[in-house]
Amino acid sequence: MENLVVLSGAGVSAESGISTFRDSGGLWEQYRIEEVATPEAWEANFELVLDFYNMRRKNVLEVQPNQAHYEIAELEKEYNVHVITQNIDDLHERAGSKNVLHLHGEILLAKSSNPATLHVNEDYYPVDKGLIEKGDTCSNGFQLRPHVVWFGEPVPNLSIAEEIVGKADILLVIGTSLNVYPAANLLYFSKPSCKIYLIDPNQVNVSHDLDVKIIREKATDGMKTFRNLLK
Ligand SMILES: NC(=O)c1ccc[n+]([C@@H]2O[C@H](COP(=O)([O-])OP(=O)(O)OC[C@H]3O[C@@H](n4cnc5c(N)ncnc54)[C@H](O)[C@@H]3O)[C@@H](O)[C@H]2O)c1
């Protein structure tokens, strides 16, 4: 079986009803990154950060995977599939994808804000009641925070992701503006023989060094086109 790697971003969940960052009406039109998605924001006002992610978690729990998530899961019948996602939602898993690597964390999990364990040996706690509240603590009494990689924080799963992309025969990039680094660099870890496809209804800047087959469609339509191209 050929190795097929999917690198996904917020756009693959857009048709499920989860806002992307950069599209009109996107998250960043309502919130400032500095206020809700940086370690400094947490130090400055952790309750505002908890509220932001509690709102996003509620959104994730209310929506369902869309046809693009299911098509990606279906690929496992014919290919050895790995999904590397920048998304913090669990829609790939809910659609049946078996090998999903989250680069930027998972919103349904919490972790300790204990500086001694952060980014080194993190324990993850399921967010049972859908909310993380002030006073929810780890076993050492530190406030719990969302298991999300904030801007400026290390990306622990990056080296595994680079390895997976390095073995890809086919790389499908879907629903990402490739503006967030180091995730956007992953394309360059693909081997010369790797066939690269990109699905996005909008223009996405990709270096001309790479031979990328652009499918300028939304995720759900684009996956149909992609499946036909593979045939
Ligand atoms: N669902 C989530 O978990 C979620 C949502 C928003 C942001 N994020 C985080 O934000 C970061 C943002 O980077 P990003 O590149 O993922 O998001 P982004 O907002 O920067 O880019 C989204 C991309 O998706 C495209 N898009 C919009 N609608 C689409 C559709 N129906 N089908 C296919 N593509 C569509 C846009 O044209 C854009 O290129 C990520 O690192 C991620 O952690 C995650």
*Dividing the alpha-carbon radius of gyration of the range 151-209 by 2.2 N^0.38 Å (N being the number of residues), what value is obtained?*
1.14
*If only Cα atoms are counted, what is the Rg of the range 1-88, and what is its Dmax, in Å?*
15.9, 50
*asked:* Given a 1.4 Å probe and heavy atoms of the protein chains only, how would you sort Tyr31, Tyr70, largest accessible area at the top?
replied: Tyr70, Tyr31
_Interatomic Cα distance distribution for the range 114-231, bins of 10 angstrom, percent_ = 11, 31, 26, 20, 11, 1
_Highest-fluctuation residue, Leu50, Leu108, Leu210 considered, GNM on the chain with Cα pairs under 10 Å_ = Leu210
*By accessible area of protein heavy atoms, probe 1.4 Å, what ranking do Asp51, Asp211 get, highest first?*
Asp211, Asp51
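For the range 91-153, which chymotrypsin sites (Phe, Trp or Tyr not before Pro) are in a loop by DSSP, counting at most 15 other Cβ atoms within 10 Å?
On the way: sites: Tyr124, Phe142, Trp150, Phe151; in loops: Phe142, Trp150, Phe151.
Counting only loop positions with at most 15 other Cβ atoms within 10 Å, the chymotrypsin sites (Phe, Trp or Tyr not before Pro) in the range 91-153 are Phe151.
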*For the range 80-150, treating each Cα as an identical point scatterer without solvent, what Debye log10 I(q)/I(0) comes out at q = 0.17 1/Å?*
-0.66
*Would you mind pulling out the separation of the Cα centroids of the range 162-202 and the range 44-78, in Å?*
21 Å
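If you take the alpha carbon radius of gyration of the range 177-231 and divide it by 2.2 N^0.38 Å, what ratio comes out, to two decimals? Could the numbers behind the result be given before it?
Working: Rg = 11.7 Å, N = 55, 2.2 N^0.38 = 10.1 Å.
Compactness ratio reported: 1.16.
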*Which whole-number percent of Cα pairs in the chain have a distance greater than 30 Å?*
24 percent
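Heavy atoms only, 1.4 Å probe, whole protein assembly: order Ser159, Ser177, Ser112 by accessible area, highest first.
Greatest to least solvent exposure: Ser159, Ser177, Ser112.
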_Strictly over 32 Å apart at the Cα level, which of Lys58/Lys231; Lys111/Lys191; Lys111/Lys213; Lys58/Lys218; Lys129/Lys224 would you flag in this model?_
Lys58/Lys231; Lys111/Lys191; Lys111/Lys213; Lys129/Lys224
*Out of the range 1-101, which GluC sites (Glu not before Pro) are coil in DSSP terms and have no more than 15 other C-beta atoms within 10 Å?*
Glu2, Glu78
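Relative contact order (percent) for the chain, with alpha-carbon contacts under 8 angstrom and 6 or more residues of separation?
Numbers: 400 pairs, mean separation 52.9, N = 231.
Relative contact order here is 23 percent.
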_Where labels lie 7 Å past Cα in the beta-carbon direction, separation of Phe142 and Lys77 in nm_ = 4.6 nm
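The values are calculated or read from the model by the stated rules, or taken from the named source; none is laboratory data. Everything quoted here is computed from the prediction, not taken from an experiment. With ideal geometry, Cβ positions are generated from the backbone for all residues, glycine too; neighbour counts draw on all protein chains shown. The accessibility values were calculated without ligands, DNA or RNA, using every heavy atom of the protein model including side chains. Shrake-Rupley method; radii C 1.70, N 1.55, O 1.52, S 1.80 Å.
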